[in-house]
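See structure below.
The values are calculated or read from the model by the stated rules, or taken from the named source; none is laboratory data. This structure is a prediction, so every number in the text was calculated from the model and none was measured. Glycine also receives a Cβ, built like all others from the backbone with ideal geometry; neighbour counts cover every protein chain displayed.
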Amino acid sequence: MPEIRWDWIERHTDDIVRATVAHLEITAVSVVAAVAIAIPLGILVRGRRVAFAGAAGTADVLYTIPSIALFSFLVPFTGIGNLPAVIGLIAYALTMLIRNTVVGLRSVPAAVREAAAGMGLTPRQILLRVELPLAVPSIMAGVRLATVSTVGIATIAVFVGGDGLGELILLDGIQRQLFLTPILVGTVLATALAIVLDALLVLAERLLTPWTRARAAL
């Protein structure tokens, strides 16, 4: 079995750090953009069955397209680099985010909405002060799934000239007669990145939903 070349890791520390930071940037930009698209879209279609089916169905179809094929399809329009990868990653994240946003909003009891309306809140105030806060657990579940998925799929960005840990796996590893060390380093770092980001999102959810902690303490 091939041994890990620790000397290679020491010589390429700067490249490993650069690839890790680039991977994090691609992931963050893609997820933030997808959230910015999916949440308003989910709000718009939450009460419209046909519109929701159309939005969710379109996102589902995009998710079924193999990542290399989707990224390559975008290259003639965007050129090579991070842009086609980011656009593709946004498309993949939408299906989880749209569905979870709508599920979270629809799970708010009608009695709660009626009580809020009875207190004189406008529909906009009910959405911002009641529905969205109560939908946070469902929305954050979608964000966590999208983030972990994006970290993994982002390794394919290297096939269209994108940055990230895929460079270690493909360029330094697979294309060099399956050189194990960079393949292992890239894989371990991508996995660790997904775990750390998921843990941070769990913490963010707890901070955004203090009432759940109070309920658990009772």
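Scanning the stretch 2-49 for residues that are within 27 Å of ILE87 (Cα to Cα), outside any helix (DSSP H, G or I) and without any contact (Cβ under 8 Å) to a residue 12 or more places away in the chain turns up just one, ARG48.
Scanning the stretch 93-118 for residues that are assigned to a helix (DSSP H, G or I) and either without any contact (Cβ under 8 Å) to a residue 12 or more places away in the chain or in contact with a strand residue (DSSP E or B) (Cβ under 7 Å, 6 or more places away or on another chain) (or both) yields ALA110, ALA111, GLU114, ALA115, ALA117, GLY118.
Please enumerate the residues belonging to the stretch 77-107 that are surrounded by 20 or more Cβ atoms within 10 Å (Cβ to Cβ) and aliphatic (A, V, I, L, M). Across the stretch 77-107, the qualifying residues are ALA85, VAL86, LEU89, ILE90, ALA91, ALA93, LEU94, MET96, LEU97, ILE98, VAL102, LEU105.
Restricting to the stretch 134-193, what's the tally of residues that are over 20 Å from the mean Cα position of the chain (by Cα) and closer than 30 Å to ALA110 by Cβ? Within the stretch 134-193, residues that are over 20 Å from the mean Cα position of the chain (by Cα) and closer than 30 Å to ALA110 by Cβ number 1. The residue list ILE80, ILE90 contains one member that is more than 20 Å from TYR63 (Cβ to Cβ), among the aliphatic types (A, V, I, L, M) and either touching a Ser or Thr at 6+ places or on another chain (Cβ under 7 Å) or not in a helix (DSSP H, G or I) (or both), which is ILE80. The residues of the stretch 112-130 that are over 29 Å from the mean Cα position of the chain (by Cα) and of a type outside the set (Ser, Thr, Tyr), listed by number, are VAL112, ARG113, GLU114, ALA115, ALA116, ALA117, GLY118, MET119, GLY120, LEU121, PRO123. Scan (1) surrounded by fewer than 14 Cβ atoms within 10 Å (Cβ to Cβ); (2) modelled with pLDDT of 95 or more; (3) not hydroxyl-bearing (Ser, Thr, Tyr) for the single condition ASP7 breaks and write down its number. Here ASP7 clears every test but (2). Would you be able to say whether some residue in the stretch 172-180 is within 29 Å of ASP14 (Cβ to Cβ), buried (at least 21 other Cβ atoms within 10 Å of the Cβ), β-branched (Val, Ile, Thr) and modelled with pLDDT under 95? Within the stretch 172-180, not a single residue is within 29 Å of ASP14 (Cβ to Cβ), buried (at least 21 other Cβ atoms within 10 Å of the Cβ), β-branched (Val, Ile, Thr) and modelled with pLDDT under 95.
Can you confirm whether THR13 is within 25 Å of VAL108 (Cα to Cα) and of a type in the set (Ser, Thr, Tyr)? Here the answer is no, as THR13 does not meet what is asked. Picking from residues in the stretch 158-171 that are among the hydrophobic types (A, V, I, L, M, F, W, C) and surrounded by fewer than 20 Cβ atoms within 10 Å (Cβ to Cβ), the one that is nearest to ILE26 (Cα to Cα) is PHE159. Within the stretch 108-129, the set of residues being crowded, with 16+ Cβ neighbours inside 10 Å and farther than 29 Å from ASP60 by Cα comprises ARG113, ALA116, LEU121, ILE126. Residues in the stretch 138-176 that are farther than 21 Å from ILE16 by Cβ and either hydroxyl-bearing (Ser, Thr, Tyr) or in contact with a Phe, Trp or Tyr (Cβ under 7 Å, 6 or more places away or on another chain) (or both): SER138, THR147, SER149, VAL160.
When VAL17 is tested against (1) modelled with pLDDT of 95 or more; (2) of a type in the set (A, V, I, L, M); (3) surrounded by 14 or more Cβ atoms within 10 Å (Cβ to Cβ), just one condition goes unmet, and that condition is (3).
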